[in-house]
Amino acid sequence: MPVNFHSEWEDSIVTTAQGRPYPLGAYYDGHGVNFALYSEYATKVYLCLFESNHDNKHDLIECTRINMKEQTHRIWHIYLPDVEPGQIYAYRVDGPFDPHNGHRFNVNKLLIDPYARAITGTLEWHDSLFGYNIHDPSPDKDLTMNVEDSAPYIPKCVVIDSNSFNWGSDAPPNTPLNETIIYELHVKGFTKLHPDIPEEIRGTYAAIAHPVTISYFKKLGVTAIELMPVQHFVTDRHIKFRGLTNYWGYHTIGFFAPDIRYSSSGTYGEQVLEFKRMVKKLHKAGIEVILDVAYNHTGEGNQFGPTLSFKGIDNRSYYRLAENDKRFYFDYTGTGNTLNCRLPNVLRLIMDSLRYWILDMHVDGFRFDLAATLARELHAVDRLSAFFDIIHQDPVIGRVKLLAEPWDLGEGGYQVGKFPPGWAEWNGKYRDCVRDYWRGQPSMLSEFAERFTGSSDLYREERRGPTASINFLTAHDGFTLNDLVTYNEKHNERNGENNVDGESYNRSWNCGVEGPTDDVHINEFRDCQKRNFLTTLFLSQGIPMLVAGDELSRTQQGNNNAYCQDNEISWLNWEKADHHLLEFTRRLISLRRQHPVFRRCTWFDGQPVRPGSVEDIAWFKFDGEHMKAEDWQQDYAKSFGVFMNGRGICSRTAFGRQRVDKSFYIIFNAYYGYINYKLPGEEYAKNWMLILDTNLKPMTQPEQYTSYSQFIIFLILLILIIPSILCSCFIFYHFFRLREVRQRINNHIVLVLLILTFIQVTGELPLTLIFLHTGSAVVSSRGFCQFWIIFNYMLFTGSLWTMAVASIQRYWLVFHRTFFDRHLFLLHYIPLCLCVLYPVVLYSYLVTRYSCVNNYDYSSWTCGGACYLYEPVLGTLDWVVNGCINVLLSTFATLLIVIRVLIQKSRVTTQRSIWNRSRRLIVQLVALSTLYILVWLPCVLCFVITLFTSSPFLSSIYSEYLSYYQYLSSLLCPFVCLAGLHKVRHALKCKNQLQPQNG
């Protein structure tokens, strides 16, 4: 075997220790670095250390080569106590060169650590990167050996300190699947041309984390961004030589390392910190981060590909090879190779990588490219494969969002609807059907109805819900939404492959002219078609996925395979953005987020919601009659109406009440002309309001249609808030000015009540007003939701218990004053302190520490509430103790005082001074109690009734009215207190009398 390896390197003097086989990769423990590498058939493994060239710091030279002699369970390992983060390293691996048996060891090739957490440099194509003589004209040239050293041309690995980043209070948003809206984007392409982002960070992780970008995500309304591949990848040699690049990034070579091409801060580990900062800022905004990952293949190609990592470390232990001649590779991916997921070490690599991105990088989910490949056992796709078994039992991976591209290029690779529970799938049948329907294909109604309602024909039998379907119209591969209505044919000439690459059957329609046109009518029709597509997408059951730029009418000039176009073809052109379509899309997303009828967790069943009511879903013809079986099969039928019942959602709110919503009637018309439609009968609705018409650009503002009642509530609360604050300030001023008022025991509890309501009116109520105005939380983040919930629950509960204690104390003050004065500390000060501290401690624990998962809904009041309220026992107990008992205690104590006073009035009035004092106490109490009873007793009664009857009507009454009606107790409390504070009222009268008279 030809060798050009320098053995004198092995004499390098470096302090070493035995090390450990785990964890794999380079791990810094604070004192040194442990290196571990898996290779079953290797005979020798060398750890190569690099340092910067003094003349050129970007030029790395190999300074040390260490023979790793320790091996445990086929894992080679060594410990270097003097090495610190920032050390550059790679491997050389020796062993048999026997391609027919799958062995391609070549010690002359520098190899990237499969577990490298950071990689510096990019691949510089050179003949030495190949393990064979690339210029040999023989078809068997891969059987030759190339002994050139590849070190100068290959990226190197970087040791990092995984524990150096301060995540602070970062936590995953944990958006429920039915509330998730995915936004697929390319890190570079999204911000490269953005004029409002600093030029030096455009196209990087830092740009995605920039306030301008995050603000755009928030205003658009998406809940998760799906990043196209960011794991370190390589560009194929033939693409590079055509002057192009691997823009999409699907040829991964480093499954743990964020790619340096998207780093603005550095390439020696700084890219890891920049990525983490990006995730942290997105999480703070309530936006999840999903990674597009390609664990099915690597960038090393087939037998004629380069030797960069796995091929040289242990080709046979990583790749799926032909059974008869292991010189050749199985290729289910169209890239030349396939990782062998049947092997334990490959499964471990994938699982370790996934866990690393979850635990160390805090990502929230993964979209698995060509996921069917990962499930192939021998050759067929097996839904019971080891890959799925390991995923499901893993406590870390199993809790994040798992999205599959459920197909590959092999036989039997199209597996839409066949993945196991726990997975959501890119629903290719949804894309194809919706495209066909809107371009007027015949016989589409039946399938379109299936796709619109969540594709139950694909997912229901496996007890999966509508959220198993990722609904999409376009993706990174294929036409953009704008090109879908502009081109019939692909135009991929600039890819340099004679336009043979890319899908030829796109189910697109150019509306009469190929490409851009000045025809006003065609352009208007194209705009209408785009609105048709988007409306269908966001009103369908399932998880919608929008491709970045589709809301801006981004074009790729007819290129439906822009995998190699790192230029204006792929980048978003913000200066040419379609702002009309952007605003339309924003409002569509807002409509979906505000109405749970469009994001159900359960299937429609077409049955009445309750006896005597209408169905949860009903289908109609243009004449208002129900669709019949034969109507679905008519070739010419291209139009129908669907009624979606807001009272048939079959899910519950955070408070345990049945979720109810408005009912909607949607008319779809793919017919080329206008159709007069008759609305359903009065049993479905007596009055209808037009919300959206895709034939028109303007769309009614959400505030005007989502809830007129909420606008009235907003107006009432807004009108009362300023007078309430002024009245409270007036009382506070005189409390501290008038010593007599301040020293009276009976006024202490009034002061506490006033302070609690003042904090609520000035601090918490504005958050609710902003929610009523915008339809979403002020800040869409987990931390803010926790704060809002604790703040809200604490103040309302504190006020209710303070009122209950006040009622009991008034009874003692009127009838047992001596006893009360004797036990003042026990009966007065301790209860006051408990009224304030008890709610703070209770809800801080229940909201932040209780062992349940909070799935916050940023489009709901108080983010939908805390998760413990979903638990029947704990949620009910909290309502009973902190929302019912205190109200009932206050009511009972007040009635008892009034009744006893009426009975003993003749005896009490003989002592006029005692009666006057008691009368003021009683009047003050009755006034306050009446306010709280009038506000809170309807809430208590509503809760008790729904607890035993699950009435959708009362649930709707509470969520739409009573939840905001509660604020009246806080807003009106200062006025009632002022009426009961004689000295303060007297000061107000005196002040008015002292005003100078005009004239």
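Looking at T585, T555, T535, which one is closer than 27 Å to Y671 by Cα, open to solvent by 30 Å² or more (accessible area, probe 1.4 Å) and assigned by the TED database to the domain that holds G189?
Just one listed residue meets the conditions, T555.
Let me confirm something: among G641, G612, G681, which residue is outside the structural domain of A468 (by the TED database) and either under 24 Å from G454 (Cα atoms) or modelled with pLDDT of 95 or more (or both)?
G641
Out of (1) within 18 Å of the chain's Cα centre (by Cα); (2) in a helix (DSSP H, G or I), the odd one out for C601 is which?
Answer for C601: the failing condition is (2).
State all residues of the stretch 193-212 that are under 9 Å from S264 (Cα atoms) and β-branched (V, I, T); if no residue qualifies, say none.
I201, T204, listed by residue number.
Residues checked against (1) at pLDDT 85 or above; (2) among the hydroxyl-bearing types (S, T, Y):
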position: M794; (1), (2): yes, no
position: V805; (1), (2): yes, no
position: L813; (1), (2): no, no
position: R817; (1), (2): no, no
position: H828; (1), (2): no, no
position: L842; (1), (2): yes, no
position: S859; (1), (2): no, yes
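Quick check on R316: is it farther than 13 Å from P114 by Cβ, open to solvent by 10 Å² or more (accessible area, probe 1.4 Å) and within 23 Å of the chain's Cα centre (by Cα)?
no
Residue-wise test of (1) open to solvent by 10 Å² or more (accessible area, probe 1.4 Å); (2) assigned by the TED database to the domain that holds L354; (3) in contact with a helix residue (DSSP H, G or I) (Cβ under 9 Å, 6 or more places away or on another chain).
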| site | (1), (2), (3) |
| --- | --- |
| L111 | no, no, yes |
| A116 | no, no, no |
| G121 | yes, no, yes |
| G189 | no, yes, no |
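Between I745, I755, I759, which is without any contact (Cβ under 8 Å) to a residue 12 or more places away in the chain and open to solvent by 10 Å² or more (accessible area, probe 1.4 Å)? Reasoning before the result, please.
Values: I745 fails: without any contact (Cβ under 8 Å) to a residue 12 or more places away in the chain; I759 fails: without any contact (Cβ under 8 Å) to a residue 12 or more places away in the chain.
Answer to the check: I755.
How about the stretch 331-345: which of its residues are on the phi < 0 side of the Ramachandran plot and in contact (Cβ under 8 Å) with a residue 60 or more places away in the chain?
Initially, the stretch 331-345 is screened for residues on the phi < 0 side of the Ramachandran plot, giving 331-333, 335, 337-345.
Correct list: D331, Y332, T333, T335, N345.
Somewhere in the stretch 261-273, is a residue touching a Gly at 6+ places or on another chain (Cβ under 7 Å), among the aliphatic types (A, V, I, L, M) and open to solvent by less than 20 Å² (accessible area, probe 1.4 Å)?
no
Taking the stated definitions as given, is I675 modelled with pLDDT of 85 or more, under 18 Å from F664 (Cβ atoms) and part of a loop (DSSP other than H, G, I, E, B)?
In short, no.
Determine if the stretch 758-776 includes at least one residue that is of a type outside the set (S, T, N, Q), over 45 Å from the mean Cα position of the chain (by Cα) and assigned to a helix (DSSP H, G or I).
Looking through the stretch 758-776, none of the residues is of a type outside the set (S, T, N, Q), over 45 Å from the mean Cα position of the chain (by Cα) and assigned to a helix (DSSP H, G or I).
Can S150 be described as within 30 Å of E84 (Cβ to Cβ), among the hydroxyl-bearing types (S, T, Y) and touching a His at 6+ places or on another chain (Cβ under 9 Å)? Spell out how you get there, then give the answer.
Numbers: within 30 Å of E84 (Cβ to Cβ): yes; among the hydroxyl-bearing types (S, T, Y): yes; touching a His at 6+ places or on another chain (Cβ under 9 Å): yes.
Yes, satisfied.
Return the only residue of G299, G336 being touching a strand residue (DSSP E or B) at 6+ places or on another chain (Cβ under 9 Å), outside the structural domain of D408 (by the TED database), crowded, with 21+ Cβ neighbours inside 10 Å and of a type outside the set (A, V, I, L, M, F, W, C).
On the way: G336 fails: crowded, with 21+ Cβ neighbours inside 10 Å.
Within the list G299, G336, the selection yields G299.
Quick one: would you say S570 is of a type outside the set (A, V, I, L, M, F, W, C) and in contact with an Asp or Glu (Cβ under 7 Å, 6 or more places away or on another chain)?
Spelling it out, it is not the case that S570 is of a type outside the set (A, V, I, L, M, F, W, C) and in contact with an Asp or Glu (Cβ under 7 Å, 6 or more places away or on another chain).
Name the residue that is most open to solvent (accessible area, probe 1.4 Å), counting only residues in the stretch 426-456 that are of a type in the set (D, E) and under 27 Å from the mean Cα position of the chain (by Cα).
Going residue by residue through the stretch 426-456, those that are of a type in the set (D, E) are 432, 436, 447, 450.
Imposing the further condition that a residue be under 27 Å from the mean Cα position of the chain (by Cα) reduces the set to 432, 450.
Values: D432: 33, E450: 58 Å².
Once the filter is applied, the top-ranked residue is E450.
Would you be able to say whether some residue in the stretch 946-962 is open to solvent by less than 30 Å² (accessible area, probe 1.4 Å), touching a Cys at 6+ places or on another chain (Cβ under 8 Å) and either modelled with pLDDT of 65 or more or not hydroxyl-bearing (S, T, Y) (or both)?
Scanning the stretch 946-962 turns up at least one residue that is open to solvent by less than 30 Å² (accessible area, probe 1.4 Å), touching a Cys at 6+ places or on another chain (Cβ under 8 Å) and either modelled with pLDDT of 65 or more or not hydroxyl-bearing (S, T, Y) (or both).
With respect to D352, is the statement that it is open to solvent by 20 Å² or more (accessible area, probe 1.4 Å) and within 27 Å of the chain's Cα centre (by Cα) true?
yes
Could you tell me which numbered condition S570 fails, if it satisfies all but one of (1) touching a Pro at 6+ places or on another chain (Cβ under 8 Å); (2) buried (at least 20 other Cβ atoms within 10 Å of the Cβ)?
If we test S570 against (1) touching a Pro at 6+ places or on another chain (Cβ under 8 Å); (2) buried (at least 20 other Cβ atoms within 10 Å of the Cβ), just (1) comes out false.
N561 is checked against (1) at pLDDT 95 or above; (2) surrounded by 22 or more Cβ atoms within 10 Å (Cβ to Cβ) and fails just one. What number does that condition carry?
(2)
Provide a single number: the residues in the stretch 913-930 that are at pLDDT 65 or above, of a type outside the set (V, I, T) and open to solvent by 20 Å² or more (accessible area, probe 1.4 Å).
Within the stretch 913-930, residues that are at pLDDT 65 or above, of a type outside the set (V, I, T) and open to solvent by 20 Å² or more (accessible area, probe 1.4 Å) number 3.
Output the number of residues of the stretch 588-618 satisfying the condition of being open to solvent by 10 Å² or more (accessible area, probe 1.4 Å) and charged (D, E, K, R).
Number of matching residues: 5.
Go through the residues of the stretch 69-87 one by one and say whether even a single one is in a strand (DSSP E or B), touching a His at 6+ places or on another chain (Cβ under 6 Å) and open to solvent by 40 Å² or more (accessible area, probe 1.4 Å).
yes
Out of F241, F233, F256, I need the residue that is under 24 Å from the mean Cα position of the chain (by Cα) and either surrounded by 22 or more Cβ atoms within 10 Å (Cβ to Cβ) or over 17 Å from K284 (Cβ atoms) (or both). Which one?
Criteria check complete, one pass: F256.
Select from the stretch 82-99 the residues that are more than 24 Å from L273 (Cα to Cα), out of contact with any Cys (no Cβ under 9 Å at 6 or more places or on another chain) and of a type outside the set (D, E, K, R) and list them in ascending order.
The initial filter retains those residues of the stretch 82-99 that are more than 24 Å from L273 (Cα to Cα), namely 91-99.
With out of contact with any Cys (no Cβ under 9 Å at 6 or more places or on another chain) added as a condition, the list becomes 93-99.
Residues satisfying the conditions are V93, G95, P96, F97, P99.
Hey, could you check the stretch 132-143 for residues that are assigned to a loop (DSSP other than H, G, I, E, B) and under 13 Å from P306 (Cα atoms) and say which is most open to solvent (accessible area, probe 1.4 Å)? Walk me through it before giving the result.
Taking the stretch 132-143 first, the residues assigned to a loop (DSSP other than H, G, I, E, B) are 132-140.
Pick out the ones that are also under 13 Å from P306 (Cα atoms) and you get 132-134.
Numbers: Y132: 9, N133: 73, I134: 25 Å².
In this case the residue turns out to be N133.
The values are calculated or read from the model by the stated rules, or taken from the named source; none is laboratory data. These numbers come from a predicted model, not from an experiment. Every residue, glycine among them, receives a Cβ derived from its backbone with ideal geometry; neighbour counts consider all protein chains shown. Remember, those area values only see protein heavy atoms, side chains included, never the ligands or the DNA or RNA. Shrake-Rupley method; radii C 1.70, N 1.55, O 1.52, S 1.80 Å.
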